[in-house]
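Data block below; observations after.
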Ligand SMILES: Nc1nc2c(ncn2[C@@H]2O[C@H](COP(=O)(O)OP(=O)(O)OP(=O)(O)O)[C@@H](O)[C@H]2O)c(=O)[nH]1
Ligand SMILES: [Mg+2]
């Protein structure tokens with residue numbers, strides 16, 4: 001197995017490379033709605049299809065390579081879409097259309113009816129990028145949620161991981177085991193952040209009832225997502241919302257307050273809170289200063305001390321009944337006034353990503369890549 005095989009390569013992608021004389025199209029921009037969507041069309045019939053369906057706003061005649069022109073795409077008598085067409089080579093064009101889902105879907109559907117092969121982004125990336133790691137990075141970039149994660153993936157599109165994989169491959173061939181071990185260790189040190197470049201960190205707000213979990217969730221999100229009430233046991237289920245903290249993608253979970261209860265529904269809610277505590281990347285254990293540190297706090301903390309951050313809430317009440325708190329990093333906040341929230345967000349980010357990968361750092365970002373490294377290093 002070679003370094004390049006340390007990446008998922010699409011069989012169908014290779015298949016489509018063989019049918020090189022058909023005319024193909026793919027959406028290059030992400031699936032979500034945006035201002036602009038870019039479609040790439042290439043092959044012997046690309047120019048003919050554009051001539052048939054698109055009228056430039058000014059001038060006539062052939063669109064020269066490396067020129068861009070605005071015009072109207074007419075798919076049927078009633079629909080006219082303003083499109084910028086860019087001819088990138090004799091047989092390839094980019095169409096820049098409205099970024100809503102409907103515009104691109106209508107154009108792709110029409111092209112499909114006209115015999116043009118509509119490809120997935122994955123197949124397009126594989127076809128146009130000989131390095132499968134770079135192709136995977138291009139794909140991953142489409143689902144990056146924040147500019148911080150996109151920056152790290154961009155480094156991989158420029159070959160950062162490919163270079164280190166090739167170095168490891170070479171070191172294995174010549175039997176330089178020390179170098180293999182060193183490079184593998186360096187790569188694995190970025191594993192946590194690598195696993196979250198395309199999927200968010202899971203952050204749980206937990207603790208006994210009424211400590212202010214839902215209020216803090218709302219304050220972090222900036223709107224009233226969860227019901228807040230003085231009645232203890234208000235939240236019964238896990239409430240999940242995606243957001244970003246200091247540029248890292250997170251899934252925030254508000255949970256039912258953990259306590260002994262006779263109420264069957266509340267018991268299920270509590271079980272879900274405990275389960276979520278097992279899987280969270282970080283649990284914020286909330287302490288109400290009027291109640292202090294309780295046995296439920298201790299149980300949560302003992303389960304995963306390295307992935308816990310203690311947060312004393314309701315600082316506006318200016319009470320100090322925080323006896324028995326563990327000796328650990330602690331943040332103090334008021335969801336009511338917003339006091340301490342910026343510091344809490346910084347602390348969360350620091351716990352999730354203690355050190356940000358520097359520029360051009362190789363970072364593995366798929367399970368295939370981690371598997372390849374395990375195999376080649378025999379671990
Ligand atoms: N003074 C003050 N009161 C707060 C603060 N945060 C929450 N509260 C109050 O504490 C009570 C409980 O708040 P919630 O956010 O519902 O607490 P919870 O932990 O989600 O409660 P359960 O869902 O019942 O487990 C409400 O009356 C809130 O208004 C705060 O920062 N300051
Ligand atoms: Mg609640």
> Counting other C-beta atoms within 10 Å, which of 162, 261 has the fewest, and how do the rest follow?
Replying inline: 261, 162
> What number, in percent, do you get for the relative contact order of region 306-353 if the mean sequence gap of Cα pairs under 8 Å and at least 6 apart is divided by its residue count?
Replying inline: 37
>> Just to confirm the number: angle between the C-alpha axis of helix 264-279 and the first principal axis of the chain, 0 to 90 degrees, nearest 10?
In response: 60
>> Run lengths n ≥ 4 of DSSP H only: what is the helix-derived mean residue ellipticity at 222 nm for the chain, with -39500 (n - 2.57) per run over all residues, to the nearest 500?
In response: -11500 deg cm²/dmol
> Going highest first, how would you order 364-373, 133-142 by mean Cβ packing within 10 Å?
Replying inline: 133-142, 364-373
> Going highest first, how would you order 200-206, 86-92, 211-217, 60-66 by mean Cβ packing within 10 Å?
Replying inline: 211-217, 200-206, 86-92, 60-66
>> Using a Gaussian network model on the chain with a 10 Å cutoff between Cα atoms, which of 175, 194, 247 fluctuates the most?
In response: 175
> Which angle from 0 to 90°, rounded to the nearest 10, does the C-alpha axis of helix 160-173 make with the longest principal axis of the chain?
Replying inline: 90
> Helix 132-142: angle to the longest alpha-carbon principal axis of the chain, degrees 0 to 90, nearest 10?
Replying inline: 70
> Hey, how many Å between the Cα centroid of region 56-135 and the Cα centroid of region 138-215?
Replying inline: 33
>> If neighbour count is taken as other Cβ atoms inside 10 Å, put 128, 177, 96 in order from fewest to most.
In response: 177, 128, 96
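Coordinate-derived values only; no laboratory data. Note that this is a predicted model, so its numbers are computed, not measured. So basically every Cβ, Gly included, is an ideal-geometry build from the backbone, and we count neighbours across all protein chains shown.
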